[in-house]
Structures are given as structure tokens and as C-alpha cells.
Number of protein chains: 2
Amino acid sequence: MIYLPLGGAGEIGMNAYVYGYGPKGKERLILVDLGVTFPDMDGSPGVDLIFPDLAWLQERRDRLEAIFITHAHEDHIGAIGQFWSNLQVPVYCRKFTARIAERKLEEQGLSPDAVHVVERYPARTGAGPFEVSFLPVSHSIPEAAGLIIDTPAGRVVHTGDFKLDRSPVLGEPFDPDLWSEIAGQGVKALVCDSTNVYSRHAGRSEATVMPAITDLVAGAPGMVVATTFASNIARLKTLAEAGQAAGRSVCLLGRAMQRMLRTGVETGIVTDFPPVIDVEDAVSIPRENLMLIVTGSQGERRAASAQLSRGKHLGLTLKEGDLFLFSSKTIPGNERGVIRIMNAFSEMGVDVIDDSMGEYHVSGHANRPDLQEVHRIFRPQMLIPMHGEHRHLREHARLAREGGLAAAVAVNGTMLDLSGPEPEVVDYVETGRVYLDGSRKIGALDGIVRDRIRMALNGVLAIAVLIDEEDEYAAEIYAAVNGLSETGEGGRDLAEEVEDAVSDALSRAKHKLLTDDDAVEAEVRKVARRVASDDIGKKPEVIVQISRFTTAP
Amino acid sequence: MIYLPLGGAGEIGMNAYVYGYGPKGKERLILVDLGVTFPDMDGSPGVDLIFPDLAWLQERRDRLEAIFITHAHEDHIGAIGQFWSNLQVPVYCRKFTARIAERKLEEQGLSPDAVHVVERYPARTGAGPFEVSFLPVSHSIPEAAGLIIDTPAGRVVHTGDFKLDRSPVLGEPFDPDLWSEIAGQGVKALVCDSTNVYSRHAGRSEATVMPAITDLVAGAPGMVVATTFASNIARLKTLAEAGQAAGRSVCLLGRAMQRMLRTGVETGIVTDFPPVIDVEDAVSIPRENLMLIVTGSQGERRAASAQLSRGKHLGLTLKEGDLFLFSSKTIPGNERGVIRIMNAFSEMGVDVIDDSMGEYHVSGHANRPDLQEVHRIFRPQMLIPMHGEHRHLREHARLAREGGLAAAVAVNGTMLDLSGPEPEVVDYVETGRVYLDGSRKIGALDGIVRDRIRMALNGVLAIAVLIDEEDEYAAEIYAAVNGLSETGEGGRDLAEEVEDAVSDALSRAKHKLLTDDDAVEAEVRKVARRVASDDIGKKPEVIVQISRFTTAP
């Protein structure tokens, strides 16, 4: 029995875990989750989405039995639409998740029929040598599930993202008896969420934020606007109920949020959500009677929170005396965007409240003591930490060993054999990232994005060189600057200086050089960078275009 | 009496505050601090440093009496070298700060004679109608000072960056009697650091981190490496003493840190720092007897911590069982860089400890209760919050009003008259940011950096168009792609497709269009973007170069 993470192990994002059972090299395979991660300006400017590199799996497509999706967060389901055609196997998940998966296939022009709704444990789904059952867990989205994966070599519990919540507001509370029952049949390996291994206190229940939110909304004099993750329907419900309790009409802004709630209602998961009004009606309601729940808790520039921070949005404007609540945490890397919004609201006189005091948000992941409790419940032969950066996986493995469990840190591409008494590394598989860039998938390491980063850091000099084919002389040089100071010290024009210097250099160059495009390009680049370095202190990226023309009739 | 922030109010960074006294429009001026802020990939890729726009002050240079620098952090002193020539007035600061200021002038080829060392309160420096005295405050760098600015209109206390520390490890402890004495003569306005207004508990002393650090180092089995801000010499001392107490040789890595310590020793401020060894000697010391103190607490790619995280650095390599301590906090926006280093160390088997539990770092800024204490000590007629984002200034003003003080939020460019019983806005001055980009200063809003960001997001198509002057036809089109997928759906070559489409369009274009460079450029851009959008789903930046040649002899 093998375990091979292709994404999600050594990073937080783009989860994709392969399990295999069978003779070495002929294992039958299942894939657990198929998520994305999000680009950023530092490392992947202009990229739309980041996928795990599934080349290894695609080459072994004939051995793949099925895809199981634990829950509908983008880092677990986001790549299903873009990659299903490459895999073409059934997709199994619970009802809410299924609805999201179906939509993702439809968005790519695919039939949603590949998606199969499965019931929770003890229902089982066969997939080759695997029997898989969905164990309800609490997380920050409806119908999250761990997977109980039975094989002839034993049982694996793959937790997915989870926390232990005895009062989760929405969905099934943590049921220690049920978990013990599952453990009772013996667990070979626990493959376990590691996100919050550094959080030393036991996690708090989703229900604990209700009193503080209710008080806050009740005491607010003006309009109340709250943001949270669109898929956290339990939180949406808490926020909406707080609004309702304060006698406010509640309006949801942001398509992602409206769609999530609608999916929750359509699948029968959300039954008693307070009434919500349309934005068209919201504009005519006195601000002290209105509560907005909006997208954009991470400072996303196009989400409703950012739009409101820039002024009027859909007829609504915040002002002095209004309240804006971040019922969320800021994911590392998003700080600047969130802070920008906070300050924009501050300039409007809006009071901004965030979770810095820990009152208005709880995490969806199990903290260190909760992880220890789960280790104790399942008493697995081995623990495999997943869903975490390297430091989280390593710390989680250490925690498990302290508790007497075998453990191994396996980052993306590390194939473990789980059959023996301890996990054993049996192979390293090439993995990586694939970028969705416009409509193209490009490799993270193929240099395209590297070139963009270089242009952003260094600016661009584009130089067109005209070479007369007959006499083989460089007739004209045209330089254009983009993203650079146009003038150097003393007001000299950079483009002109470059044109003159390149012209000089080519006129002095040997006849033979002009016949060789590569040599011309290298010479032009060298001269142009030297001039730019002297004039403006930068070494730009140089794009050289050589045009050869003939003067003879 | 006027107050005009040109930088630092409405942001954290590039502090520059103007005070004026005299008839309206003829006030004599002083400048307090002249700092920089640091660029980032999101908003200012490729930029070297960010300065406040001093145009207003430069135009009134004849009215400027002096520059006072509160302390030697880059956001208070970093622009002195680049802008002194534009201002040319004496620079006053305490000894340690003066040494740093002198170096900055020398680096720009200027004489350090403009810098004057002043003694602490009660010593006074006259500057036109101003009498200025340096009040020692605790911060996270030696010899930080607040300024007591006396004018005929009354006394202003400008706190600079400060905390209330009764045991600061280095420098003068907080002296409430002295502060009360200063307050006793009446304070018109308190212009006050707002950074930590949201930190609800009283700040902790620098000395409080000593026991935890000492224990941690004493218990470490392998090499110990600690990083903190290079200028926090008190912390360097605590770390070095912890190393010494554990019987370790101590070595400082990183030029900024070595220079800071040297400056501290040369100025006689640091007298009992434990002995440090050179890196050449460190390599031969057993790892359990060695402690490194290194630069790079913010994940800077070229600093010692990042170098060590990438492997061997100056002959030193970390490995399993070693310990790396971040005795620092991560400044918002630097999270990704810090996390990258943490994970790199984790991969080496190095244990990484940070301040997430609040044991190994304390802030250098006054927290909310400390601010309230300072309000009470000085009992000013009005409070002007500075050194903070808008939300910090606004919250600080609110806090002051709760305590019965008049207060006003004045962001960069807001000129306040402090003469009356309440601060009054009398003018708005155009302010902004100037970028140091290579060797050039460019305006933040002049489009250069915007173009670089666009290239990073959209990629570049450079298109050279050859037009025959005689017959006025487009002879050749050359397209080059940079930072874009070279092939579209079906493997079509993007550059070729663009060349064909542009060629087509220009051959069909009216004769008149070809005579007009702007029209040709617009047409080429339109066609190229359409093709790219169809082929690869992106709309690149297009650089068009038109070459006109003549076939006639």
C-alpha cells in the first residue's frame, strides 16, 4: 500500500494525495482531492491559478480508479474542472461538495455525470481494491469529511481538513464514540491535517463566536458590514442571526457568498437561515436597520469589501459611525491588501473591528491538543502528517513520535510504502506546479513567469535593428523604453543614448558579426545594458528585433 | 505655530515632520526626521528605496533652519544622504544617531560636517524661533529621543518612536519624574507615536526576554543561531550574553549588524558587550559551543539568515539538531519571506523558534495603556497622533479625546495650526512618494512603475514594423514575446500569428494610416492584443517600433 502526495504536503494549498494498492509498479490508484493554490505578485505575477503537476498520475491513468473529494474548499476541489479530462474517472463526494464539483465540470463544458454523491459512514464506495467511507468532520465549510480507506493491507484514516467541534452551528458535531468505533477495527495509518500544530491551546467551537458577534451588532449605531470566508456558511448564519436579533435586515453581497448559501439551501443542508434581502431593497433601508455580509475577507481587490472601501458599491456607501467587522483571519501574504481596506474604511470614519483579540473568529483546523486527542482515539500504527508546510509536517511528526507513534514526513513527490510496521520511502516522483495563465497551462519552471518578474524588477528596452542585406550594414536602430526612467543624469534621453551607442558599436563591428543574428543580438544587449547602467543605474531586460531588408529592386 | 507631516502620518515609514513658527506663509521651519520606506513587489517592483516627496519644503528651503533626527532607524534617517543637498541646513542629533547620519552623507560624497552632535535634555539647540531639546526615550535602538520643541507659542513634545521601559538593558530607563518636570512647564501639543495603539496590554520591558532566551540557549544541543533587527543592540547584547552564559563563543554575521555594534562601541554607548569572534574562527568551533547572531529577521533574501537557509554560508552549515531563533516580529508584508526561511531550515532538520508565544521579543513602541500614561504625564492641550496608518492615528485620537484632550488626525500633507486651543487644519499640501530607481529619482505616480507592474501581469509583445517610405507599405513585421506562452491552443506559434495578423491588417489599411505613426501603433496594438487574447487568453503590453526606410538609391 502506497501513499504519494502530489500537492499539499510541504505547502498549504493545492491538495492532491494518491493512494495505491497492489503489486509494486502495478498498484491500483485512487486520488484524494484535486485543489488549487493562489498566485501572488512576488512569485507568480499575472498567473490566474496554480495547479499541482499531475504528470505522474496522468501517465498512469489506466491504473486510476476514482477521485474522492473531502470538501469543497478551492484548495481541495479547485482543479477538478481543469484536470478531469486528463483523468476521466468517477468523482465521489458528499452532496454539498458534489454540487460544487458538478458546477466546476460544467464551467469547462464537461458533463457533471462523473460526479457521484455518496452517503456518510457507514456507507462505502468500492474503487478497485479500495473501500472508502466518508466520515463527517467539522471544518469551516458544510459536509467536510475525512475518508476511511480500507484495503487488504489495512485501514487508512485520511482526515481531510478538520477540527473537533461539539457545537459546530451547522452539520454534525464531533462524535467521539463514532470515531472510537472506527478506530476499534484497527487503523494502519492516520494521514492527518497539520495546519494548526503550532497552536498550543485546544481549538474553540464555531458556536463560541456567537455571543461576541451578537453583542457587537446589537450595540452598533450605524450600518454593520461583516466579512468572512464565503464558504463558511455556519459563520454566515451566525452573522445573519446576529443581524436579525438586532432587528436588522440582512443582505449578502458577493457572488461567491450568494452561490455558497444557495448551494447550501438547495442541498437541504441549510434549513433555518434568516431571511435575506436583495441589494436593490437594501439601499432603501435606514442604515441602523441594515446588516451587510460581504465577500473579501482577504482584501481581494474585486470583492465586495474592497469595492465598499473605495466608495459607492451597488448603491451602498459606508460612512462615519458605521461598523466593519472582519470575522476572519488574514492568511499570510494577504496582510497588505487587508490593511489597505482597513485604512480606507478608517478614512471614511468607519470603525473597523478585526479578530486581533480572538473574539470574532475561530479556525477550522484542529490545534495541537486536538491532534493529540485524535492520535489517541485512532491509535494508528503510523502517523503521516499532511496539509502543512514542511515545518508543520515536521512538528506534527515529532508530536506523534512523542506519543509513541511511528511517523514520517513525506513532502510532495515522496512515495511511502505503508504496508510495514513503519512508513518507508520507496520512491521520489517528480512533482511541481502548473500555472493557468490566461487560457494556457504553463510550467512553473519554464521561464515565462521568471521573465515577467525580471521585467517588473528591471524594466524593458526593446531595440529594433534594421540590417541592409545587400551591403550588410545596420541602417537604423530604434529603441523604446518601458518601465524605465526616460532620462538619465543631465536630462539625456535614454532611448537616444542607446540608439547612438548601438549604432556606433554595430558600425565598428566586423562584417561577419552582422550576418549572424545571435551575435548581433548579444552585442546589442551588451551595449544597451551598459548605457542604461551608466545613465539610470539599472540593467533592463533587452528585447532585440532584427529586421533584414533588401535595397535592391 | 504649524505642524505639517510630509511622511509618516497615514503610513508606517518615511517619517518627515515639519514644524513652523512665524507669520502665516513666512513661518521659519524645522524638519524632524527624514526617513525612507521599503518597496515591495506588489506596489513598487524593482524600486530601491522610497522617499517622501519634499517638493514643498525644497521650495521653501530659505525658510528652513535645521533638521532634527530622533533616532537612527532607516524610516527616520534613511533619506538624509539623498536629500541633504536639496536642503543644506544643519542636522542635529545625539551621538549614536550622528555617526549613522555622517556615514549616510559620506556615502553620497558629502561632507559629514553638517551633522552636529547634541547632548540630551536639558541641553538646548536654537534654530530660528525654536529651542529644541532631546529627551531620551526607550526604543529598539540606542539613543532614541523625543524632542521638546519650545516656541513663543508654547511647547510641543514630539515623542519620536518610544516605549516606556524601566529596564531597557541599554540606555536610560524611563524616568517619570523627569517627564513630569518637562510637563510641569505646560505642553501645548503632544505629537505622539501611534504604532501600538491597538495593543491593549501595557508594553513589556526589553529585560523581560532575557530569562526565556537564556534558558533556550542553555538547553540547545547543537549550534544556536538567533536573528533580530540589526540596530537593536540591547537585544544583541541579551542574545550574546545568553550565548556566553551557555559557554558558547558568539559570532555576529551580517554587515549591518556588525556596523551597528561597532558604532555602539565607538560612541561609547555599548561598554560591556560579550566578546565576539570572527567568522573565520567560528568555523572551527564545535557547533555545541557556538552561537551565531545574524541579520535577516524579515526574511530578506540577501541577509545572513536567508543565506544560511540556502546552505553553506561563509563556511558555516546548519543541520539536524541545531536551533534557529527569530527574536523578532514579522513586519506585515514580510510573512512569505520569513516562512520560506523557516521551512528551508525545517528541511535541514533545524528547530525553528519564533515569537508566536510572546517569549522572545518585545516591541519598541508604547502600547495603548502606555500611551494613556504619557497623555496623563504631559497633560497637553492637544494630542496629534503620528507614526501610524490612518486607522492607528484615528484610534489614537479617539483615545486622547476619551481622556479629555483635543485631538486631530492629520495625514501627510495636512497643515495644522497648533496656536489655538484646538488643532485647526489650515492647508493641504501636495505630498507623495519619490522612488529611488537605480540611480534616478522618479515620481511614484509618473507611470514608470505602473508599466512594470503591467508587464509583470500581462507579459510583453514587442512588434517591429518596417514601412517603405517610398511606396508606403508595411514590408515586414517582427514580433517577439517575453513573459508569455509562446504557443496557443493547437501549438500555434503566437509570434507568427501576430505577425500574420498585423501584416494582414496593415496591408488592408488605408494608405493614409501608414503615414501616421500613432495610427499605425494603435492599429498594431489592437490587432496584437486581439490575437493574443484569442490564442493564449491574455492581453499583453504591446511595444510597437516603427522603422521607415527608403528603397530608392
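Below is a table of values for the structure above.
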item: Lone qualifier among A:E489, A:E496 - being surrounded by fewer than 18 Cβ atoms within 10 Å (Cβ to Cβ) and without any contact (Cβ under 8 Å) to a residue 24 or more places away in the chain; result: A:E496
item: Residue, nearest to the other protein chains (Cβ to nearest Cβ), within segment B:28-41, restricted to residues that are touching a residue at least 24 places away in the same chain (Cβ under 8 Å) and surrounded by fewer than 22 Cβ atoms within 10 Å (Cβ to Cβ); result: B:D40
item: Residue that is hydrophobic (A, V, I, L, M, F, W, C) and over 15 Å from A:A240 (Cα atoms), where the choices are A:L290, A:L318, A:L261, A:L325; result: A:L318
item: Residue match in segment A:47-54 (condition: in a helix (DSSP H, G or I), among the acidic types (D, E) and more than 24 Å from A:L416 (Cβ to Cβ)); result: no
item: Every residue from segment A:439-484 that is more than 16 Å from B:R548 (Cα to Cα), assigned to a strand (DSSP E or B) and within 8 Å of another protein chain (Cβ to nearest Cβ); result: A:R440, A:I442, A:V460, A:A462, A:N482
item: Residue check, A:A242 of a type in the set (A, V, I, L, M, F, W, C), in a loop (DSSP other than H, G, I, E, B), more than 14 Å from chain B (Cβ to nearest Cβ) and over 30 Å from A:A406 (Cα atoms); result: no
item: Members of segment A:293-321 that are of a type outside the set (S, T, N, Q), outside any helix (DSSP H, G or I), surrounded by 14 or more Cβ atoms within 10 Å (Cβ to Cβ) and touching a Gly at 6+ places or on another chain (Cβ under 9 Å); result: A:I293, A:V294, A:G296, A:G299, A:E300, A:A303, A:L318, A:G321
item: Qualifying residue in segment B:63-82 (condition: free of Cβ contacts under 8 Å to residues at least 12 places away in the same chain and surrounded by fewer than 24 Cβ atoms within 10 Å (Cβ to Cβ)); result: no
item: Residue satisfying condition, being more than 10 Å from every other protein chain (Cβ to nearest Cβ), closer than 15 Å to A:I12 by Cα and at pLDDT 95 or above, within set A:H361, A:H390, A:H396, A:H375; result: A:H396
item: Qualifying residue in segment B:272-292 (condition: out of contact with any helix residue (DSSP H, G or I) (no Cβ under 6 Å at 6 or more places or on another chain), among the polar types (S, T, N, Q), assigned by TED's automatic domain parsing to the domain that holds B:T228 and touching a residue at least 24 places away in the same chain (Cβ under 8 Å)); result: yes
item: Among the residues listed as B:F345, B:F324, the single one being buried (at least 18 other Cβ atoms within 10 Å of the Cβ), outside any helix (DSSP H, G or I), within 12 Å of chain A (Cβ to nearest Cβ) and not small (G, A, S); result: B:F324
item: Counted residues, segment A:33-46 - those being under 11 Å from the mean Cα position of the chain (by Cα) and part of a loop (DSSP other than H, G, I, E, B); result: 5
item: Sole exception among (1) within 27 Å of B:L170 (Cβ to Cβ); (2) within 11 Å of chain A (Cβ to nearest Cβ); (3) buried (at least 23 other Cβ atoms within 10 Å of the Cβ) for B:V350, by number; result: (1)
item: Among (1) touching a Phe, Trp or Tyr at 6+ places or on another chain (Cβ under 6 Å); (2) buried (at least 20 other Cβ atoms within 10 Å of the Cβ), the one test that A:R120 misses; result: (2)
item: Those residues of segment B:203-232 which are more than 14 Å from B:H139 (Cβ to Cβ), small (G, A, S) and under 26 Å from the mean Cα position of the chain (by Cα), in sequence order; result: B:A226, B:A230
item: Lone unmet requirement of (1) closer than 17 Å to B:V429 by Cα; (2) more than 14 Å from chain A (Cβ to nearest Cβ) for B:G10; result: (2)
item: Positions within segment A:357-376 being assigned to a loop (DSSP other than H, G, I, E, B) and in contact with a helix residue (DSSP H, G or I) (Cβ under 7 Å, 6 or more places away or on another chain), in sequence order; result: A:E359, A:Y360, A:H361, A:V362, A:A366
item: Test for B:T271: is it assigned to a helix (DSSP H, G or I) and either among the polar types (S, T, N, Q) or at pLDDT below 95 (or both); result: no
item: Complete set of residues in segment B:86-126 that are closer than 23 Å to B:L29 by Cβ, among the β-branched types (V, I, T) and not in a strand (DSSP E or B); result: B:V89, B:T97, B:V118
item: Output for segment A:155-186, where each listed residue is touching a Gly at 6+ places or on another chain (Cβ under 8 Å) and closer than 18 Å to A:A408 by Cα; result: A:R155, A:V157, A:H158, A:T159, A:G160
item: Any pair with Cβ under 9 angstrom, 6 or more apart, that starts in segment B:222-236 at a residue that is at pLDDT 95 or above and ends at one that is of a type in the set (D, E) and buried (at least 24 other Cβ atoms within 10 Å of the Cβ); result: B:G222/B:D322; B:M223/B:D322; B:V224/B:D322; B:V225/B:D322; B:N232/B:E206; B:A234/B:E206; B:R235/B:E206
item: Matching entry among A:G8, A:G35, A:G46 (being in contact with a Pro (Cβ under 9 Å, 6 or more places away or on another chain) and either farther than 24 Å from A:V197 by Cβ or among the hydroxyl-bearing types (S, T, Y) (or both)); result: A:G46
item: Residue among B:I384, B:I377 that is over 26 Å from B:R166 (Cβ atoms), in contact (Cβ under 8 Å) with a residue 24 or more places away in the chain and not assigned by TED's automatic domain parsing to the domain that holds B:P221; result: B:I384
item: Where B:N412 falls short, out of the listed (1) within 14 Å of another protein chain (Cβ to nearest Cβ); (2) in a loop (DSSP other than H, G, I, E, B); (3) free of Cβ contacts under 8 Å to residues at least 40 places away in the same chain; result: (3)
item: Members of segment A:85-102 found to be closer than 22 Å to A:A230 by Cα and surrounded by fewer than 18 Cβ atoms within 10 Å (Cβ to Cβ), listed by number; result: A:K95
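Okay, residues lined up against (1) within 30 Å of B:V374 (Cα to Cα); (2) among the aliphatic types (A, V, I, L, M):
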site	(1), (2)
B:R401	yes, no
B:Y435	no, no
B:R452	no, no
B:V465	no, yes
B:E472	no, no
B:E476	no, no
B:V498	no, yes
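Residue-wise test of (1) in contact (Cβ under 8 Å) with a residue 12 or more places away in the chain; (2) small (G, A, S); (3) within 14 Å of chain B (Cβ to nearest Cβ); (4) in a strand (DSSP E or B).
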site: A:L506; (1), (2), (3), (4): yes, no, no, no
site: A:V520; (1), (2), (3), (4): yes, no, yes, no
site: A:E523; (1), (2), (3), (4): yes, no, no, no
site: A:V527; (1), (2), (3), (4): yes, no, no, no
site: A:S533; (1), (2), (3), (4): no, yes, yes, no
site: A:K539; (1), (2), (3), (4): yes, no, yes, no
site: A:V544; (1), (2), (3), (4): yes, no, yes, yes
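The values are calculated or read from the model by the stated rules, or taken from the named source; none is laboratory data. All values reported here derive from a predicted model rather than from experimental measurement. Using ideal geometry, Cβ is built from the backbone for each residue, glycine included, and neighbour counts are taken over all protein chains shown.
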